[in-house]
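Step one of this worksheet: look at the structure below.
The values are calculated or read from the model by the stated rules, or taken from the named source; none is laboratory data. Here the structure is a predicted model, which is why all the values come from computation and not from measurement. No Cβ is skipped: glycine too gets one built from the backbone with ideal geometry, and neighbour counts run over all protein chains shown.
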């Protein structure tokens, strides 16, 4: 894995993309901090935006509940605080 400074990316982008196509992973730094990663697409040629697997719906079924008063109006003192008024 190689690293480059953000200022050098613009003038070397074509070369950096060629290196990524060849399988290399390149970390891009700005002011000494990593800000991006240039890497080849996942196997099969599909680019992915996440390394996480897709979420499965229903994992928290029966473990979360919403109270009956969830959407009731707020007490006036709290409503005033949200509006920026002095209570």
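General observations
- In the range 1-29, the residues that are in contact (Cβ under 8 Å) with a residue 40 or more places away in the chain and at negative phi never reach a residue that is exposed (fewer than 11 other Cβ atoms within 10 Å of the Cβ) and not in a strand (DSSP E or B) with C-beta atoms less than 6 angstrom apart, at least six apart or across chains.
- Matching strands (runs of 3 or more DSSP E) fully within the chain where at least 3 residues are surrounded by 10 or more Cβ atoms within 10 Å (Cβ to Cβ) and modelled with pLDDT of 90 or more: 26-30, 33-38
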